[in-house]
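A short worksheet on the structure shown next.
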Amino acid sequence: MKISAIVAVALGALALASCTPAPPTDVSVKTYKVSGTTLSTLERSLAIHGPAVPGLKGRAFAAVETSFMHSFDVNKTGASCRYNRNGRVGLRSEVILPEWRQRDRAAPELRVKWDIISQYAVIHEAGHIKISQKYARELESAYKRASAPTCEALEANMVKVANSILVRHGAEQQLFDETDAPRFQAYLRRLGYSSGA
């Protein structure tokens, strides 16, 4: 299965767990090349070529870069200005994953470990996208509720509201990373492994 298809499957599984329809989400996949046939050479390659993540020392194994987009226009009606009610807030997310070209030349045990970590990385990044979808829905609701006497005041107020939402979005994304260890350990247990395997 192609990496992009795996990401789509992971997002689909998360969507099934939610009763709320997902906002428009455009997901693409970018890979970076790593090399090595031993654990130590792979780790060195990952440390050099892995994506840089704000707040993380060193390089990450995988990452996702997400932008919020909206299709709201201001609409002056009578004594108030509002955004059009049929606008949407969506996401454009790029998942960054490693591509190990020398996998077939490595020992079977290393290939198994790589596959486990790679599969979990997709699940983890899909979790980040799911968090962003939550805040996209909140942003969309804020746009639809917003109203002001002038369109200039409307847009100025919306900047403040959006910034507040995006700050909370960033904090939840950081917390998701900081609390990931138990989720990874549970994933290993479901596969029949321990975290020290």
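Consider only pairs whose beta carbons are under 9 Å apart and that are at least six residues apart or on different chains; among these, list those whose first residue lies in the range 147-159 and is open to solvent by 60 Å² or more (accessible area, probe 1.4 Å) and whose second residue is of a type in the set (Val, Ile, Thr).
Cβ pairs passing all conditions: 155/74.
Search the range 46-74 for residues being more than 20 Å from the chain's Cα centre (by Cα) and closer than 23 Å to residue 90 by Cβ, and hand back the single one that is surrounded by the most Cβ atoms within 10 Å (Cβ to Cβ).
72
For the range 64-115, give me the residue count where each residue is in contact with a helix residue (DSSP H, G or I) (Cβ under 7 Å, 6 or more places away or on another chain) and assigned to a helix (DSSP H, G or I).
Residues that pass the stated criteria total 4.
Tell me, yes or no, whether the range 105-120 has at least one residue that is more than 21 Å from residue 185 (Cα to Cα) and within 14 Å of the chain's Cα centre (by Cα).
no
From the residues in the range 84-133 that are among the hydroxyl-bearing types (Ser, Thr, Tyr) and open to solvent by less than 10 Å² (accessible area, probe 1.4 Å), which one is farthest from residue 38 (Cα to Cα)?
So, considering only residues that are among the hydroxyl-bearing types (Ser, Thr, Tyr) and open to solvent by less than 10 Å² (accessible area, probe 1.4 Å), the one farthest from residue 38 (Cα to Cα) is 132.
Can you tell me which residues in the range 37-90 are among the β-branched types (Val, Ile, Thr) and under 30 Å from residue 145 (Cβ atoms)?
Listed by number, the residues that qualify are 64, 66, 74, 77, 89.
For the range 21-45, which positions are open to solvent by less than 50 Å² (accessible area, probe 1.4 Å) and either over 20 Å from the mean Cα position of the chain (by Cα) or of a type in the set (Phe, Trp, Tyr) (or both)?
Matches in the range 21-45: 32, 34, 36, 41, 42, 45.
The values are calculated or read from the model by the stated rules, or taken from the named source; none is laboratory data. These figures come from a predicted structure and were not determined experimentally. As a convention, Cβ positions derive from the backbone with ideal geometry for all residues, glycine included, and neighbour counts pool all protein chains shown. Surface areas here come from the heavy atoms of the whole protein model, side chains and all, with no ligands, DNA or RNA. Shrake-Rupley method; radii C 1.70, N 1.55, O 1.52, S 1.80 Å.
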